[in-house]
Amino acid sequence: MRIGIDIGGTKIAVGLISESGQVTKRRKVKTDAHKGYPGVRDQIRGLVAALLSEAGAGATDVGRIGIACAGQIDHATGKILFSPNLNWTDAPLKHDVEEATGIQTFIENDVNAGTYGEWRFGFHREASNVVGIFIGTGVGGGLILNGRLFRGSHGVGGELGHTTLNPFGYQCRCGNRGCFEAYCGGSYIEERVRQRLMQGYRGKLWDIVEGRAGSVHVGRIEEAYLLGDDLCTEIWGEVVEYLGAGLQSVANLINPDLIIFGGGVVKGTQRLIDEALLVMKRRAMRASIAGLKIERARLGDDATLLGAAFVKDE
């Protein structure tokens, strides 16, 4: 068996996985992000122990633990070099989990893992050049090039969310300005709308959220936009244009066979991707998008668990 772990900013998911790719047991808890790296590390140790106990299994029954985490990974050491959403630097996760469990552990970027999981188990390797774009709290990207996961020369390639769309644009948590993520990540979009509500804006969105700025999310912004809310129409138009421009850049640079969209914002909206694709098609060079397939992720949260557990096979 294998264990797959997905560390997110708000939740940690753990799954016990068969060699055929079936998640046989799973657990999920809220991430103790406020406790920093040590607190989350201890959560992972406890979750692995609980999962094995529930399955009546021991460390010798598990061939590998695969952990997916947002950020830049040093694959040689298993350290998380930088995770802006978790605020971790040089976190020795591989060493600490192996020490605690006695099980060989492999660390992978979460969107790399999700893209690989979708490609291998959701789409059955049907395309050779694939871009995974996961839009949730932020924006993550994963690349399959010529049938292999692409990590770059130092293992930190594929950071589509931190490519620059506007050098004078919104501040990103990575420290740069104008990142793809800063324009299209769910938490950034919601914060821009929330600030306007706190400054006194009133419109259809105010009624939708029943006067609670804290309950704003992208799905409600889309709902208000469709009802003609001025603020949400403005914000939605900006997001669609920048998302489309980002996709156009991806298409022109990589010329993929397939783009897979996933993440909470994609699942929580109806028209975002379709409207952004119209912008991409308007901007992109025709040959770059000829034959390009656009699909939504098929495996949900299991994609990242499966990718984390199996990507080392490559």
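Scanning region 280-314 for residues that are outside any loop (DSSP other than H, G, I, E, B) and surrounded by fewer than 19 Cβ atoms within 10 Å (Cβ to Cβ) returns LYS281, ARG282, ARG283, ARG286, ALA287, SER288, LYS293, ILE294, GLU295, ARG296, LYS312, ASP313. The residue of region 171-210 that is nearest to TYR225 (Cα to Cα), among those that are of a type in the set (S, T, N, Q) and part of a loop (DSSP other than H, G, I, E, B), is GLN199. Has region 159-176 got any residue that is acidic (Asp, Glu), in contact (Cβ under 8 Å) with a residue 60 or more places away in the chain and in the same structural domain as MET280 (by TED's automatic domain parsing)? So far as region 159-176 goes, yes, one or more of its residues are acidic (Asp, Glu), in contact (Cβ under 8 Å) with a residue 60 or more places away in the chain and in the same structural domain as MET280 (by TED's automatic domain parsing).
For region 248-267, which residues satisfy the criterion of being crowded, with 17+ Cβ neighbours inside 10 Å and over 21 Å from LEU145 (Cα atoms)? If the condition is that a residue be crowded, with 17+ Cβ neighbours inside 10 Å and over 21 Å from LEU145 (Cα atoms), then GLY263, GLY264, VAL265, VAL266 are the ones that fit.
Selection of first residues in region 290-314 that are closer than 15 Å to GLY141 by Cβ and of second residues that are of a type outside the set (A, V, I, L, M) and at pLDDT below 95, restricted to Cβ pairs under 6 Å at least 6 apart or on distinct chains, gives the following pairs, ordered by first then second residue: THR304/ASP110.
If you take just the strands (runs of 3 or more DSSP E) that sit entirely in region 32-94, which of them hold at least 1 residues that are basic (Lys, Arg), at negative phi and assigned by TED's automatic domain parsing to the domain that holds GLY9? Output list reads 64-69, 79-83.
Against the numbered list (1) closer than 30 Å to GLY291 by Cα; (2) within 16 Å of the chain's Cα centre (by Cα), ASN85 comes up short only at (1).
Identify, from the list GLN72, GLN104, GLN22, GLN43, the residue that is in contact with a Phe, Trp or Tyr (Cβ under 6 Å, 6 or more places away or on another chain) and not β-branched (Val, Ile, Thr). Spell out how you get there, then give the answer.
Numbers: GLN104 fails: in contact with a Phe, Trp or Tyr (Cβ under 6 Å, 6 or more places away or on another chain); GLN22 fails: in contact with a Phe, Trp or Tyr (Cβ under 6 Å, 6 or more places away or on another chain); GLN43 fails: in contact with a Phe, Trp or Tyr (Cβ under 6 Å, 6 or more places away or on another chain).
Only one candidate passes the filter, namely GLN72.
Collect the residues in region 106-135 that are surrounded by fewer than 24 Cβ atoms within 10 Å (Cβ to Cβ) and in a strand (DSSP E or B), keeping them in residue-number order. Let's see the steps before the verdict.
Keep residues of region 106-135 that are surrounded by fewer than 24 Cβ atoms within 10 Å (Cβ to Cβ), which gives 106, 120-129.
Residue satisfying the conditions is PHE106 alone.
Here ALA182 fulfils each of the conditions (1) of a type in the set (A, V, I, L, M, F, W, C); (2) within 22 Å of ILE80 (Cβ to Cβ); (3) in contact (Cβ under 8 Å) with a residue 40 or more places away in the chain; (4) crowded, with 19+ Cβ neighbours inside 10 Å apart from (3).
Tell me which residues, restricted to region 99-133, are among the β-branched types (Val, Ile, Thr), touching a helix residue (DSSP H, G or I) at 6+ places or on another chain (Cβ under 6 Å) and assigned by TED's automatic domain parsing to the domain that holds LYS79. Even if it seems obvious, please write down each step before you answer.
Initially, region 99-133 is screened for residues among the β-branched types (Val, Ile, Thr), giving 101, 103, 105, 107, 111, 115, 130-131, 133.
Pick out the ones that are also touching a helix residue (DSSP H, G or I) at 6+ places or on another chain (Cβ under 6 Å) and you get 101, 103, 105, 107, 130-131.
Result: THR101, ILE103, THR105, ILE107.
Against the numbered list (1) outside any strand (DSSP E or B); (2) over 24 Å from TYR188 (Cα atoms), LYS25 comes up short only at (1).
So that you can scan it fast, the table gives a plain yes or no per residue for (1) farther than 30 Å from VAL265 by Cβ; (2) of a type in the set (Ser, Thr, Tyr); (3) at pLDDT 95 or above:
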| residue | (1), (2), (3) |
| --- | --- |
| ASN87 | no, no, no |
| LEU93 | no, no, yes |
| THR101 | yes, yes, no |
| VAL130 | no, no, yes |
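Within region 139-151, not a single residue is within 27 Å of GLU241 (Cα to Cα), in the same structural domain as LEU292 (by TED's automatic domain parsing), in contact with a Lys or Arg (Cβ under 9 Å, 6 or more places away or on another chain) and surrounded by fewer than 22 Cβ atoms within 10 Å (Cβ to Cβ). Annotation: of all residues in region 80-92 being free of Cβ contacts under 8 Å to residues at least 60 places away in the same chain and in contact with a helix residue (DSSP H, G or I) (Cβ under 7 Å, 6 or more places away or on another chain), the one that is nearest to ARG148 (Cα to Cα) is ILE80.
The values are calculated or read from the model by the stated rules, or taken from the named source; none is laboratory data. Model, not experiment: these values are computed from the prediction. Glycine also receives a Cβ, built like all others from the backbone with ideal geometry; neighbour counts cover every protein chain displayed.
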